1. If a residue has to be touching a Ser or Thr at 6+ places or on another chain (Cβ under 8 Å) and modelled with pLDDT under 95 to count, how many in the stretch 1-32 make the cut?
2. Going by the conditions given, is Arg31 in the same structural domain as Gly127 (by TED's automatic domain parsing) and either within 24 Å of Lys123 (Cβ to Cβ) or in contact with a helix residue (DSSP H, G or I) (Cβ under 8 Å, 6 or more places away or on another chain) (or both)?
3. Can you name every residue in the stretch 37-70 that is touching a Leu at 6+ places or on another chain (Cβ under 8 Å) and aromatic (Phe, Trp, Tyr)?
4. For Ile96, indicate whether it is closer than 24 Å to Ala120 by Cα, surrounded by 14 or more Cβ atoms within 10 Å (Cβ to Cβ), among the hydrophobic types (A, V, I, L, M, F, W, C) and modelled with pLDDT under 95.
5. Inside the stretch 57-74, can you point out the residues that are small (Gly, Ala, Ser) and surrounded by fewer than 13 Cβ atoms within 10 Å (Cβ to Cβ)?
6. Is it true that Ile36 is within 19 Å of Asn16 (Cβ to Cβ), in a helix (DSSP H, G or I), of a type in the set (A, V, I, L, M) and under 11 Å from the mean Cα position of the chain (by Cα)?
7. Just need a number here: residues in the stretch 31-56 that are touching a strand residue (DSSP E or B) at 6+ places or on another chain (Cβ under 8 Å) and either more than 16 Å from Leu103 (Cα to Cα) or surrounded by fewer than 13 Cβ atoms within 10 Å (Cβ to Cβ) (or both).
8. Going by the structure shown, is Lys112 among the basic types (Lys, Arg), more than 30 Å from Gly21 (Cβ to Cβ) and touching a helix residue (DSSP H, G or I) at 6+ places or on another chain (Cβ under 9 Å)?
Amino acid sequence: MAMTDPIADMLTRIRNAARAGHESLEMPASRVKEAILKVLVAEGYLQDFKRVKAKDRGGEALRVQLRFDKARKPIMAGLRRISRPGRRVYVGIEQIPPLRAGLGVHILSTCKGILADRDAKKKKVGGEIICSVW
């Protein structure tokens, strides 16, 4: 059966693996997922990721290394999908909402690529809010 929202599936896999205390996880690869993971690594929420050959099926997968603090708690406290296939959420530069008083980040899909909210404001572009991370 085809997956209707692969980005929500990716976020759920990351959220579940972090809560379970896993060091890493694998998911099916795509360029959009890879761009979102680049933002999460740049913002410090994930340790690293790389594209690998999928073990159980054909094609490629993304292996994600999660990041934990010294007490083995995940760095990422929350992860929520904002724009969904049934309800897209678009914002302009001025309408990008602050998240947790600047302690979190919105990930946006813009005409200049997938960016964190701070980078989108610097480049003066708005777009679709994909998800929020804190």
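1. The qualifying residues number 0.
2. When the stated conditions are applied, Arg31 does not pass them.
3. Phe49, the sole residue that qualifies.
4. Answer is yes for this residue.
5. Within the stretch 57-74, Gly58, Gly59, Ala71 qualify.
6. Yes.
7. Going through the stretch 31-56 one residue at a time, the tally reaches 16.
8. Numbers: among the basic types (Lys, Arg): yes; more than 30 Å from Gly21 (Cβ to Cβ): yes; touching a helix residue (DSSP H, G or I) at 6+ places or on another chain (Cβ under 9 Å): yes.
Considered against the rule, which asks whether it is among the basic types (Lys, Arg), more than 30 Å from Gly21 (Cβ to Cβ) and touching a helix residue (DSSP H, G or I) at 6+ places or on another chain (Cβ under 9 Å), Lys112 comes out as yes.
The values are calculated or read from the model by the stated rules, or taken from the named source; none is laboratory data. Fair warning: this is a prediction, and the values are worked out from it, not measured in the lab. Virtual Cβ from ideal backbone geometry, glycine too; neighbours counted across all protein chains shown.
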